[in-house]
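*Asks:* Quick one: this structure, given as structure tokens, is what I'll be asking you about.
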Amino acid sequence: MAQTIAPVVSAAPRPDPAVAELLQTVVDTARAIFGAQASSIMLLDATADELIFEAVSGQGQEFLVGRRFPAGRGIAGWVAASGEPMVVDDLHDSTSFDRDIAESTGYVPNALMAAPLIRRDRVLGVLEVLDPSPQARSGLPELDLLGLFARQAAVALHVLTTHEPRPAPDAPDTPDDPSRTELRRLLSEARRLLGE
């Protein structure tokens, strides 16, 4: 008999407001660009071997943040374990899709795209876009764009959580900071992909 998944709200303290705002911006933008019903970022808690909803846009945004589920289950679990992105056009035919987990969130999608948040060979979490428009998931350029969003989120998350507070606004940028250089490169790549 299948065990029902009942994610619980994390007892851990909520992240820094800047981190929360950054992650929310990523999911809001990904949802808009892919014409999706929902988008979410789940961060990996390696100690508990769980994925935690940290930002949600669209379906479930009112109650999913802070919920946890086992990291080894479902498509998000596969993406986190493999470090590879995945697109599934019909979840009814997918053996990787865990319907019990989806039902426990209150929203069962028909299609999804997922990409890992990777920083220096370490998976930090997963970015998912649920029920994107069919045109938005039609090929490799769209998967590359989702991967770009995931890389931006991982780099920015790394910068916000591992660096000292930013200098005063009148202080010059540190030009040799590799994280800032990588973030600028990713922003430039995003503009190119978006045709700006």
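The values are calculated or read from the model by the stated rules, or taken from the named source; none is laboratory data. Small disclaimer: the values here were computed from a predicted structure and weren't measured. A quick note on method: Cβ atoms are made from the backbone with ideal geometry, for glycine too, and the neighbour counts reach across all protein chains shown.
*Asks:* Which of (1) closer than 17 Å to Gly35 by Cα; (2) aliphatic (A, V, I, L, M); (3) under 15 Å from the mean Cα position of the chain (by Cα) is the odd one out, the single condition Leu64 does not satisfy?
*Replies:* (1)
*Asks:* Looking at Ala55, Ala32, Ala20, which is the one that is outside any helix (DSSP H, G or I) and either in contact with a helix residue (DSSP H, G or I) (Cβ under 6 Å, 6 or more places away or on another chain) or over 18 Å from Val79 (Cα atoms) (or both)?
*Replies:* Only one candidate passes the filter, namely Ala55.
*Asks:* Restricted to the stretch 68-78, and to residues that are assigned to a loop (DSSP other than H, G, I, E, B) and small (Gly, Ala, Ser), which residue is modelled with the lowest pLDDT?
*Replies:* Step by step, filter the stretch 68-78, then rank; the result is Gly72.
*Asks:* Additional query: Given the conditions (1) modelled with pLDDT of 85 or more; (2) more than 12 Å from the chain's Cα centre (by Cα), and given that Ala150 satisfies all but one, which numbered condition is not satisfied?
*Replies:* (2)
*Asks:* Might you check whether a residue that is touching a Leu at 6+ places or on another chain (Cβ under 7 Å), more than 19 Å from Leu143 (Cα to Cα) and at pLDDT below 90 occurs anywhere in the stretch 19-34?
*Replies:* Yes - at least one qualifying residue is present in the stretch 19-34.
*Asks:* Residues of the stretch 79-113 being at pLDDT below 85, of a type in the set (Val, Ile, Thr) and part of a loop (DSSP other than H, G, I, E, B), which ones?
*Replies:* Thr95
*Asks:* Within the stretch 122-129, identify whether any single residue is of a type outside the set (A, V, I, L, M, F, W, C), under 18 Å from the mean Cα position of the chain (by Cα) and not in a strand (DSSP E or B), and answer yes or no.
*Replies:* Among the residues of the stretch 122-129, not one is of a type outside the set (A, V, I, L, M, F, W, C), under 18 Å from the mean Cα position of the chain (by Cα) and not in a strand (DSSP E or B), which makes the answer no.
*Asks:* Would you tally the residues in the stretch 98-151 being of a type in the set (Asp, Glu) and either closer than 15 Å to Val56 by Cα or surrounded by 17 or more Cβ atoms within 10 Å (Cβ to Cβ) (or both)?
*Replies:* The qualifying residues number 4.
*Asks:* For Val65, are the conditions met, namely being free of Cβ contacts under 8 Å to residues at least 40 places away in the same chain, assigned to a strand (DSSP E or B) and closer than 20 Å to Val79 by Cα?
*Replies:* no
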